[in-house]
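Single-structure report; data block below.
Please treat every number below as a calculation from the coordinates, not as lab data. Quick caveat, the model's predicted, so the values are computed rather than measured. Heads up, the Cβs are rebuilt from the backbone with ideal geometry, glycines too, and the neighbour counts pull from every protein chain shown.
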Amino acid sequence: MSPRRKSAEPIRPRLQWVTGLTGLGLVCAAAGVLAVDAFQPDTPPDLVPRRVEVRQSGANYVLAFEVRNRGRETAASVRVEGRTATSRAEAVIDYVPGMGTAYGALVFNDDPRGAEIRISGWSAP
């Protein structure tokens with residue numbers, strides 16, 4: 001009798017296994033990040049304004065600023081107010097996402113390098 005061959009099972013190349021395990025690892029990591037984020041408590045907006053730069057534009061001065069939201073909830077219609085000794089300026093930012101940053105600018109008649117900027121209010125979206 002002739003020798004019988006065992007039925008040959010397909011041999012998976014190593015690259016296919018490595019690719020499959022890498023994909024599985026990435027899916028598990030993404031699911032873990034989403035699960036951790038889902039169980040974080042919602043915190044109210046914690047808005048912090050910061051001066052970015054001052055530049056002259058014609059006869060006026062522009063004070064560029066950023067508003068950072070350290071809370072997890074979104075703030076809408078954020079009112080930013082700036083004051084110097086002789087003038088006042090105000091801007092409204094549509095929204096600042098939770099844990100995000102938004103940018104804007106205030107226009108003054110005099111040099112605002114010593115200006116105080118603050119958040120004067122916001123609303124829930």
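Loop by DSSP (not H, G, I, E, B), at most 13 other beta-carbon atoms within 10 Å: where is the longest site-free stretch of the chain for trypsin sites (Lys or Arg not before Pro)?
Working: sites that count: Arg4, Arg5, Lys6, Arg70, Arg113.
Counting only loop sites that pass the neighbour cut-off, the longest clear stretch is 7-69.
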Item to check | Most fluctuating residue given options Pro44, Pro112, Pro13, as computed from a GNM of the chain linking Cα atoms under 10 Å | outcome: Pro13
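If the only charges are +1 at each Lys and Arg Cβ and -1 at each Asp and Glu Cβ, what is the size of the charge dipole of the chain around the Cα centre, to the nearest 20 debye?
Values: 16 positive and 13 negative charges, 208 e Å.
So the magnitude is around 1000 debye.
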Next on the checklist: Using only Cα atoms and rounding to the nearest 10 degrees, what angle (0 to 90) does helix 14-38 make with the longest principal axis of the chain?
Outcome noted: 40 degrees
Checklist entry - Summing -39500 (n - 2.57) over the DSSP H runs of n ≥ 4 in the chain and dividing by its residue number, what mean residue ellipticity at 222 nm do you reach, to the nearest 500 deg cm²/dmol? => result -7000 deg cm²/dmol
Next on the checklist: Students often get this wrong, so try it: which of [x] 0.98; [y] 1.09; [z] 1.49 is Rg/Rh (Cα atoms, Kirkwood Rh) as calculated from the structure shown?
Outcome noted: [z]
Checklist entry - Based on the Cβ-Cβ distance of Glu53 and Ser123, what FRET efficiency does E = 1/(1 + (r/R0)^6) give at R0 = 35 Å, to the nearest 0.05? => result 0.80
Checklist entry - What's the exposure ranking of Trp122, Trp17, going from fewest to most Cβ atoms within 10 Å? => result Trp17, Trp122
Checklist entry - Taking +1 at the Cβ of each Lys and Arg and -1 at the Cβ of each Asp and Glu, which of Thr101, Ala29, Ala75 sits farthest along the dipole of the chain towards its positive end, judged by Cα position relative to the Cα centre? => result Ala29
